[in-house]
Amino acid sequence: MQAVSTSGIQTFSPLFLSRMKSAKRVVALTGAGVSAESGISTFRDPQGLWANFKPEELATPEAFRKNPKMVWEWYAWRREKIKEIKPNPGHYALAEMEKIFPKFTLITQNVDGLHHQAGSQHVLELHGNLCRNKCFECEKVFSEAIESEQVPPRCDCGGLLRPDVVWFGELLPEGVMDKSYELSQNCDLFFSIGTSAVVQPAASLPMYAKRSGAYVVEINPQPTEISYLVDETILGKSGEVLPQLLFALAQHHSQD
Ligand code: NAD
Ligand code: ZN
């Protein structure tokens, strides 16, 4: 594993540049860190969301059963905050990458929808989307915002509505994880960006990619749980590193 220098101007190793240039199938796994520069708290940083709230009191089916109003209101607060924020240069650079590589898929753990807002088309959302709701009983999905006096609002079946995100102890959306494993095992280049790589099963994806022969690159201001296994760790913020990476890629292409 090679750690490349910190903030400011990045230099990318010739090996990495040549792997990028020849890559046909590329996967990028993103986490909360990618949205940090848009002003959304990450989960595990000292200032993160979980520093002030206990996950077991808010993001579990048990918590919702016990206190649906409190859980709904916490998510309503997060939704309000998200309305004010915008994608940052990291999101936009990832959307551009879709146009450069023949096959590029984003796998995100984020629920904020910012990749879509930035223009990414091929996005697999592992943990759902904060803007949608679903029925706690019949699982019917509600994509539009819901106006209701009731907190939480109710489904036609009488069940309570909850945010369509994956809570602790819940299974990931059907098919999404299988697709993610398949793509990770069949790519030439894999990026792990802005994720602490501790939440399973997402954290196993870089490992699958590495075992299958992909060149694995991580972008994060600090080393993570998977730094030992990646080919390259680029220490820096995704909103600063990714645009420079795009630029380097374009220059490398023009040198042919
Ligand atoms: P995490 O909080 O565990 O880790 C965030 C990582 O981002 C850390 O390693 C941190 O060093 C890094 N980071 C901080 N600032 C960065 C920057 N500017 N550029 C690049 N990296 C930066 O987040 P995670 O690994 O995504 O944890 C997974 C869980 O967090 C998921 O369940 C996900 O749904 C949830 N989550 C989502 C959002 C969101 O949708 N924006 C926000 C918070 C948490
Ligand atoms: Zn229902």
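Every read-out reported here was derived from the displayed coordinates using simple, explicitly stated rules and does not represent laboratory data. It should be emphasised that the depicted structure is a prediction, and the values quoted were computed from it without experimental measurement. Cβ: placed from backbone, ideal geometry, glycine included. Neighbour counts: every protein chain shown.
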With 10 angstrom as the radius, rank 141, 216, 111 by how many other C-beta atoms surround their C-beta, starting from the fewest. 141, 111, 216
Would you mind computing, in nm to one decimal, how far apart the modelled labels at residue 9 and residue 99 are, each placed 7 Å from Cα along Cα→Cβ? 2.6 nm
Positive end of the dipole of the chain, charges at C-beta (+1 Lys, Arg; -1 Asp, Glu), about the Cα centre: which of 14, 97, 189 has its Cα farthest in that direction? 14
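Estimate the FRET efficiency between residue 171 and residue 22 by the formula 1/(1 + (r/R0)^6), using the beta-carbon distance for r and 35 Å for R0, to the nearest 0.05.
Taking R0 as 35 Å, the efficiency between residue 171 and residue 22 is 0.45.
Size of the dipole of the chain about the Cα centre, Lys and Arg at +1 and Asp and Glu at -1 on the beta carbon, nothing else charged, in debye to 20?
Computed charge dipole of the chain: roughly 220 debye.
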Rounded to one decimal in nm, the spacing of the 7 Å Cα→Cβ label points at residue 73 and residue 204 is 3.9 nm
How would segment 122-256 be classified by its alpha-carbon gyration tensor: rounded, prolate or oblate, with rounded meaning a/c under 1.5 and the a/b versus b/c comparison settling the rest? prolate
Within 14 Å, Cβ to Cβ, of residue 239, how many net charges do the neighbouring residues add up to if Lys/Arg are +1 and Asp/Glu are -1? -1
Students often get this wrong: which residues of segment 198-221 have the backbone nitrogen under 19 Å from the point 7 angstrom along Cα-to-C-beta of residue 62? 200
With a 10 Å Cβ neighbour count serving as the proxy for reagent exposure, in which order, fewest first, do 131, 187 appear? 131, 187
Net charge contributed by nearby residues that have their C-beta within less than 13 Å of residue 169 (K/R +1, D/E -1): -2
May I ask you to list, by number, the DSSP H helices of the chain whose Cα span along the axis is at least 18 Å and whose average Kyte-Doolittle hydropathy reaches -0.5 or more? 238-254
Please return the longest range in the chain lying between exposed loop sites, taking chymotrypsin sites (Phe, Trp or Tyr not before Pro), DSSP loop only, at most 14 other beta-carbon atoms within 10 Å, and leaving the sites out. 54-167
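Net charge around residue 88, counting only other residues with Cβ within less than 14 Å of its Cβ (Lys, Arg = +1; Asp, Glu = -1)? Don't jump to the answer; show the numbers that get you there.
Working: positive: 86, 237; negative: 37, 84, 96, 112, 240.
Around residue 88, the charge tally is -3.
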Taking the number of other C-beta atoms within 10 Å as the exposure measure, put 60, 224, 11 in order starting with the fewest. 11, 60, 224
Once every DSSP H run of n ≥ 4 in the chain is given -39500 (n - 2.57) and the sum is divided by its residues, what mean residue ellipticity at 222 nm do you get, rounded to the nearest 500 deg cm²/dmol? -10000 deg cm²/dmol
So the compactness index of segment 50-142, its C-alpha Rg divided by 2.2 N^0.38 Å, takes the value 1.28
